[in-house]
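Notes for the one structure printed next.
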Amino acid sequence: MTPGAVRHRAPGEYGSAGRPYPLGWKQGDALITVSVRNGVATMSPVNPFDDAATARAVVDGSGTLVEWNEGARLLLGHPAAEVVGRPAADLLAGDLDGAPPGSDDAQWSGTLDLRHRDGHTVSAWVLAHRRPAADGAPVTWLAVSPLDPGPEPEDDPLIRAALAQSPCAMMIFDDRLLLRGVNDAMARLLGLPSARVRGLRATDFSVQPQDAELERRMRRVLASGRRHDMQAHLKAGGESRAHAWNARIAPLTDADGRVCGVCVSVHDLTEQHRARERLQLVNEASVRIGTTLDVTRTAEELADVCVPPLADFVSVDLLDPHEHGGEPAPLVEPPVGLRRTAHRSITEGRSQAVAETGQLDVYPAGSPQAECLLSGQVIVASEAYGDLERWLQWDPARLRRVKEYGIHSTMSVPLQARGTTLGVAVFTRFRRPDPFTHDDVLLAEEVSARAAVCIDNARRYSREREATLTLQRSLLPRWLPPTAAVQAASRYLPAARSGVGGDWFDVIPLSGMRVAMVVGDVVGHGIPASATMGRLRTAVRTLADIDLTPEELLTHLDDLVVRLSEESGDDRAGEVGATCLYVVYDPVSRHCSMARAGHPAPVLVPPDGPPEQVELPSGPPLGVGGLPFESAELELREGSVLALYTDGLVESRDRDTDAGQALLREALAAPADSLDTACDRVLHRLLPSGSAADDVALLLARTRGLPAGQVATWDIPADPALVAPVRKQVLDQLSDWNLLEATFTAELVVSELVTNAIRYGSPPIRLRLIHDTATLICEVSDTSHTAPHLRRARTWDEGGRGLLLVAQLTQRWGSRHTAEGKTIWAELGLLDDEA
């Protein structure tokens with residue numbers, strides 16, 4: 001017998017009937033006992049009865065007997081006091097029957113010649129179990145042997161009746177739960193001779209907890225007289241793979257209806273169990289794969305679902321998408337480049353992967369990955385079939401990894417969806433001893449097909465999102481133009497899940513050093529929303545160029561959105577809709593006017609005060625039509641910051657709009673080195689995850705004021721004879737500004753604009769010069785609402801060449817209507833003149 005370590009039973013530990021276990025001890029958390037009967041010794045875990053019908057003995061790690069029950073005394077005549085503490089070998093009267101149990105065996109049975117107390121030899125059949133002790137201690141061997149089992153099965157009418165009524169593997173226990181007999185099918189499952197096991201308990205057959213549970217349930221059946229079923233998952237004798245079993249425990253009654261025994265019939269449900277497992281895996285795949293529209297995450301979900309139910313290691317390699325879009329070919333010719341997208345191993349902290357995620361590997365012809373992509377069929381390689389090493393001859397590194405981890409079976413499954421080849425999933429087994437079967441292939445194909453559709457959906461979504469985002473960014477300003485009126489910074493963040501929307505922002509230089517700032521949001525997402533955004537942004541720039549007031553601009557923009565909605569062919573109001581905020585700032589007067597159409601009001605940050613929401617009338621969203629817009633006027637001190645934004649910044653599932661606007665004001669209140677730093681802080685404060693459910697556009701603008709010394713104004717009498725003195729005043733002012741290089745051009749422009757105002761306008765007439773480092777602006781205002789227009793004079797015309805001359809000499813020119821009349825303006829580029 002092989003020695004083992006045991007922990008003796010503590011005093012006061014009792015069995016189920018309140019009696020102490022005379023021959024029991026604790027090993028870990030399990031109580032182990034040993035039985036002997038008719039010269040047979042047996043190891044048994046958790047035996048609740050120390051009956052004398054079976055001889056039981058236990059040997060510790062030094063080969064010394066440590067437990068000895070009454071059945072053992074009846075068998076060999078030695079009382080416990082005489083043998084406990086002595087070597088077990090002293091009881092042997094002869095050699096072992098067959099080879100002794102090896103270090104890898106968990107069970108041994110055979111006939112032993114034992115020495116009786118009076119000197120004669122007792123031949124006993126012994127069933128012994130080995131169980132490792134806790135904490136790596138030596139193993140312990142327990143042996144049992146049944147004593148006189150009573151009448152033979154052929155003489156027992158109870159056994160004959162039970163065997164006649166059951167066609168399956170069956171055991172018969174009496175009312176003491178001692179085995180009365182087994183049929184041939186059950187003897188084969190136990191791997192023990194049927195003639196030797198009579199008289200044993202269910203817990204004597206192995207040290208598995210299922211046997212103790214079986215005995216508890218048989219006792220319940222004896223007490224209640226009702227049938228009971230029990231499921232277990234374990235290996236039968238001589239098999240390397242566990243089976244799923246259903247044990248049906250039925251009471252056996254005598255002629256008077258009294259329960260006199262228990263019949264246990266065992267049914268192999270392995271195929272049904274595996275079918276349920278496969279169905280469960282397919283169901284889990286349908287739920288857990290494709291939870292996001294992210295290619296990498298979907299590949300990871302495929303690997304997570306299949307480890308460990310189907311394989312011990314799974315890798316997913318995908319073809320790189322085409323650089324310029326388009327669909328990949330249905331089949332791929334080797335050599336083929338695959339990029340490792342995801343892998344998962346059953347071993348924590350250790351990976352069987354040769355390639356790291358993100359790495360591109362080229363698979364030549366003859367490799368299982370390339371062959372399965374070429375044929376579109378699953379390629380199974382198994383050590384049992386002798387083809388695993390042949391498949392891996394092309395890659396010595398993979399072959400070494402196979403031998404290192406004991407990989408014995410692989411399965412390469414092509415990932416195909418909608419006639420498109422996406423990549424390959426490789427399933428590997430090294431811990432599970434059984435190779436992949438035909439059912440495993442079908443299961444892998446089903447799960448991989450579902451994953452392939454999800455990966456294809458994710459790729460299509462990513463491709464469409466990238467195209468929409470490219471369109472969106474191409475329609476947004478790539479840089480904000482520098483102006484003398486404001487210093488601006490912006491941020492745009494596309495929606496994380498719902499697709500790119502139609503948010504936009506813009507900074508538009510206007511005449512007279514003024515600047516327009518606009519932020520808008522188109523209803524919907526995707527390419528239609530981006531296209532509508534592009535139309536509206538172009539319309540805003542066009543309307544801003546004719547110097548409309550904010551409320552007038554929104555009115556024209558509303559008409560455009562209504563027409564776009566009608567062109568869309570949908571009668572639902574607001575199908576094409578948008579919100580917009582339009583702001584105009586004049587650095588000369590530091591005057592700001594603004595209007596909004598269903599858009600959040602801006603936040604104003606004064607130079608020396610807390611941020612505050614601007615009180616601005618809220619007009620209807622664009623596309624409603626027929627409703628007026630109102631504007632608000634306010635004076636801004638130099639250094640004030642205006643924050644314009646879309647609702648995606650302040651709205652979320654976790655908070656309402658008011659809470660979001662409060663967070664925005666809190667983020668803007670903290671000092672910042674620059675507007676770019678302030679933009680980043682606002683996004684981090686309101687969107688800590690770095691993503692938003694809706695598009696986000698943010699525009700920050702710090703106002704500047706033009707010093708009075710850079711502006712000169714004259715009131716012009718309506719007399720053509722006074723044009724020459726006006727030119728003289730302009731030349732003197734340019735001399736004071738050190739702009740002598742621009743005097744010639746400025747003199748001609750001023751002369752033409754003032755002459756036209758005297759001739760065609762209405763008094764009072766005013767001339768204003770504005771300059772900064774790069775621009776000189778000439779403005780002539782009068783009270784007439786008739787705007788001039790450029791025309792080409794004919795050869796014999798005496799006039800009509802003035803505005804053409806102005807257009808040729810200046811960078812830009814134009815007119816704008818005011819409440820008092822109109823203003824004609826022209827811009828001269830100073831830097832170009834200096835160059």
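Only the coordinates and a few stated rules stand behind these numbers; no lab work does. Small disclaimer: the values here were computed from a predicted structure and weren't measured. Counting neighbours? That spans all protein chains shown, and the Cβs are built from the backbone with ideal geometry, glycine included.
Key figures for this structure:
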read-out: Ordering of 661-668, 217-224, 86-93 by packing [mean C-beta count within 10 Å, highest first]; value: 661-668, 217-224, 86-93
read-out: GluC sites (Glu not before Pro) within region 543-631, DSSP loop, no more than 15 other Cβ atoms inside 10 Å; value: Glu575, Glu615, Glu630
read-out: Estimated FRET transfer efficiency when R0 is 30 angstrom, pair Asn246-Arg288 (beta carbons, to 0.05); value: 0.55
read-out: Using a Förster distance of 51 Å, the FRET efficiency for Asp175-Arg432 (Cβ separation, nearest 0.05); value: 0.75
read-out: Shape call, region 595-715: gyration tensor on alpha carbons, a/c limit 1.5; value: oblate
read-out: Mean Cα-pair separation over length for region 275-464, i.e. relative contact order, pairs under 8 Å, 6 or more apart, %; value: 27 percent
read-out: Ala724 paired with Glu464, simple spin-label distance in nm, labels 7 Å along Cα-to-beta-carbon; value: 7.5 nm
read-out: D_trans [Stokes-Einstein, Kirkwood Rh over alpha-carbon pairs] for region 708-834, 25 °C, 0.890 mPa s, µm² s⁻¹; value: 165 µm²/s
read-out: Simple spin-label estimate for Glu747 and Glu356 in nanometres, 7 Å along Cα-Cβ; value: 7.4 nm
read-out: Backbone N under 18 Å from the Ala708 label point (7 Å along Cα→Cβ), restricted to region 627-651; value: 636-638
read-out: Projected label distance in nm at Leu92 and Leu399, using a 7 Å step from Cα toward the beta-carbon; value: 4.8 nm
read-out: Relative contact order (%) - region 477-703, alpha-carbon pairs under 8 angstrom, separation at least six; value: 26 percent
read-out: Length released on extending from Trp737 to Ala669, taking residue separation times 0.36 nm less the Cα-Cα span; value: 20.6 nm
read-out: Residues His273, His771, sorted so that the one with the fewest Cβ neighbours within 10 Å comes first; value: His273, His771
read-out: Local electrostatic count at Leu475 - Lys and Arg +1, Asp and Glu -1, tallied over other residues with Cβ under 13 Å; value: +2
read-out: Scattering profile of region 477-703 at q = 0.17 Å⁻¹ [log10 I(q)/I(0), Debye over alpha-carbon scatterers]; value: -1.27
read-out: Cβ-defined net charge surrounding Cys592, 9 Å radius [Lys, Arg +1; Asp, Glu -1]; value: -2
read-out: Dipole of region 729-794, positive direction: furthest Cα of Gln729, Thr783, Ile765, with charges on the beta-carbon; value: Thr783
read-out: Segments 73-84, 405-416, 809-820 sorted - mean Cβ within 10 Å per residue, highest first; value: 405-416, 73-84, 809-820
read-out: Contour excess over end-to-end distance, with Cα ends at Tyr385 and Thr64 and 0.36 nm allotted per residue; value: 110.8 nm
read-out: Three-way shape label, region 275-464, alpha-carbon gyration tensor, a/c 1.5; value: oblate
read-out: Residue-span extension gain [Ala819 to Arg220] - 0.36 nm each, minus C-alpha spacing; value: 205.6 nm
read-out: Residues of region 262-279 with amide N under 17 Å of the 7 Å Cα→Cβ point at Gln231; value: 266-279
read-out: Summed residue charge, Cβ within 9 Å of Tyr582's Cβ, Lys/Arg positive, Asp/Glu negative; value: 0
read-out: Listed residue (Val336, Leu281, Thr420) projecting farthest to the positive dipole end of region 275-464, Cβ model; value: Leu281
read-out: Rounded if a/c under 1.5, otherwise prolate or oblate - region 488-561, Cα gyration tensor axes; value: oblate
